[in-house]
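One structure is given here, and the rest of the page talks about it.
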Amino acid sequence: MKFNNLNEGYSEGEEKYHFFYNREERIKNAPKIVQDYYDGKLNPERGFKALFSNRANRFVLISLVVIVVLSWSYVGLRSLDNKDKINGINFELDAFLYEDDIFANIKISSKKKKPCIIYANFFALDQNDQIVSDQEVVENYEGKEIYLRTKFTDYDIKEVRVLINVENEKKELTTDIKR
């Protein structure tokens, strides 16, 4: 198909538009940085140097580093709230939802074979950090790995806290519910 004699919608007697393009004239009137680019004088920074080439890039890089460090520290510190050690005994709290119940477990392990009595007070907290339900579990620990378990009915429980008492030393563990 030939498009040479195609009517482009001009009225009779009007002249068709004709565009002139003069590259040299356009570059001559362009800003200095554009002229340098077309002359081959402009060599932009590449790689890691580009991050320090001007003030705005340095600001973005520093902001990015700060955000990454804060994110890693938050995730790292938040994950330590459910683990602790009392008198050489390791405690790890875990809570998950199954059907309409929330199951909370404390894994207790130690390399020492020292027997003791462990008191664990479980607290279920809602979205407003109000205690919805609580339970106490007492176990005689003989030095082997054991689990203390309890169950709560789900009343929009957000997290589980446990106050552990071993030989008058108390620690608190906290974990979110895995849904």
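Taking Lys107 and the conditions (1) open to solvent by 90 Å² or more (accessible area, probe 1.4 Å); (2) part of a strand (DSSP E or B); (3) of a type in the set (Lys, Arg), which numbered condition does it fall short on, given that it satisfies the others? Failing condition for Lys107: (1). The number of residues in the stretch 40-57 being open to solvent by 100 Å² or more (accessible area, probe 1.4 Å) and in a helix (DSSP H, G or I) comes to 3. The set of residues in the stretch 125-142 that are assigned to a strand (DSSP E or B) and not small (Gly, Ala, Ser) comprises Leu125, Ile131, Val132, Asp134, Gln135, Glu136, Val137, Val138, Glu139, Asn140, Tyr141. Filter the stretch 68-104 for residues that are part of a loop (DSSP other than H, G, I, E, B) and either open to solvent by less than 80 Å² (accessible area, probe 1.4 Å) or touching a residue at least 12 places away in the same chain (Cβ under 8 Å) (or both); which is nearest to Asp154 (Cα to Cα)? Out of the qualifying residues, it is Asp100.
The values are calculated or read from the model by the stated rules, or taken from the named source; none is laboratory data. Worth saying up front: this structure is predicted, and the values here are computed from it rather than measured. With ideal geometry, Cβ positions are generated from the backbone for all residues, glycine too; neighbour counts draw on all protein chains shown. To get the accessible areas, we keep the full protein, side chains included, count just its heavy atoms, and leave off ligands, DNA and RNA. Shrake-Rupley method; radii C 1.70, N 1.55, O 1.52, S 1.80 Å.
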